[in-house]
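J.: Mind looking over this structure? Questions follow.
The values are calculated or read from the model by the stated rules, or taken from the named source; none is laboratory data. Note that the structure is predicted; figures quoted are calculated from it, not measured. All Cβ positions, even for glycine, are placed from backbone atoms using ideal geometry, and neighbour counts span all protein chains on display. Areas reflect the complete protein model, heavy atoms only, side chains present, ligands, DNA and RNA absent. Shrake-Rupley method; radii C 1.70, N 1.55, O 1.52, S 1.80 Å.
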Amino acid sequence: MGCAKRVGTAAQCRRARRAGALSKIAAMSPTARSQVHHITHPLVQHKLTLMRNKEASSTSFRTLLGELAMLMAYEVTRDMPTHLVQIETPLETMQSPMIDGKKLVFASILRAGNGMLDGLLRVVPNARVGTVGLYRDPKTLQAVEYYFKMPADMAERDVVVVDPMLATGHSAVAAIERIKACSPRSVKFLCLLAAPEGIATLQAAHPDVPIYTAAIDRQLNDHGYILPGLGDAGDRIFGTK
Ligand code: URA
């Protein structure tokens, strides 16, 4: 991330940027702060530690990401609407709740978002899948869209936008902007790691969108990577480096 207008060393620049991001989070209204759901369950934290380790193979990284997505699906769907259906138990007839699974859309931000899809769909097999293709311009770190596909009837649907890394927040902001243009019933954002800068940017642009994350890391480096982070999620999922 550039710091061209600021005078100082790279370290001073990073410190100032982090202080800026933290002060933005501190300045958030209690409502905005309550929109950040930090999932601290020991199983989630344990698996995340295994993923962060640079020695983890692509196979285990992918497997762990799938398992984490399943566990995080539990939190992100906590308030999902249900409806009663009549069933016969071996003993009697009863009205019992079922989730409105077809109303849910997992919108994956390519390409790393796809690494969480399998796990999410194992928990909510009836959910639909949307896809947003964005790449980060390496100079500006801004998101540029190259693909967008959502299911029909978005007005009836609840969308969970999925990207393992909330770094600068530019991709998340751009993806959510496009998805909101389809007028879904609600939008949530699910990631594995969030940088304070990304949270601040996303909250500023979309204060109505709750963020679900397994960790809030220290800061971004000058290339927009999360520190301490886990490296390039896409490369680690797909073994491309
Ligand atoms: N995307 C990644 O894959 N990793 C980061 O640290 C930041 C963005």
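J.: Could you give every pair whose Cβ atoms fall below 7 Å, whose first residue belongs to segment 118-139 and is in a loop (DSSP other than H, G, I, E, B), and whose second residue is within 16 Å of the ligand (Cβ to nearest atom), counting only separations of at least 6 or pairs across chains?
T.: 137/144
J.: Oh, and also: Suppose the filter is open to solvent by 20 Å² or more (accessible area, probe 1.4 Å), near the ligand (Cβ under 9 Å from one of its atoms) and either in a helix (DSSP H, G or I) or in contact with a helix residue (DSSP H, G or I) (Cβ under 8 Å, 6 or more places away or on another chain) (or both); does residue 178 pass it?
T.: no
J.: Only one of 137, 79 is among the acidic types (Asp, Glu), open to solvent by 40 Å² or more (accessible area, probe 1.4 Å), within 16 Å of the ligand (Cβ to nearest atom) and within 26 Å of residue 204 (Cα to Cα). Can you tell me which?
T.: The match here is 137.
J.: For segment 204-241, enumerate the residues that are near the ligand (Cβ under 8 Å from one of its atoms) and of a type in the set (Gly, Ala, Ser).
T.: If the condition is that a residue be near the ligand (Cβ under 8 Å from one of its atoms) and of a type in the set (Gly, Ala, Ser), then 224, 229, 231, 233, 234 are the ones that fit.
J.: Next question. Sort out which residues of segment 224-241 are closer than 12 Å to residue 52 by Cα and basic (Lys, Arg), and write them in order of number.
T.: The one that is closer than 12 Å to residue 52 by Cα and basic (Lys, Arg): 236.
J.: Now for a separate question. Mind listing whichever residues of segment 67-114 are of a type in the set (Val, Ile, Thr) and farther than 30 Å from residue 146 by Cα?
T.: 82, 85, 87, 89, 93, 99
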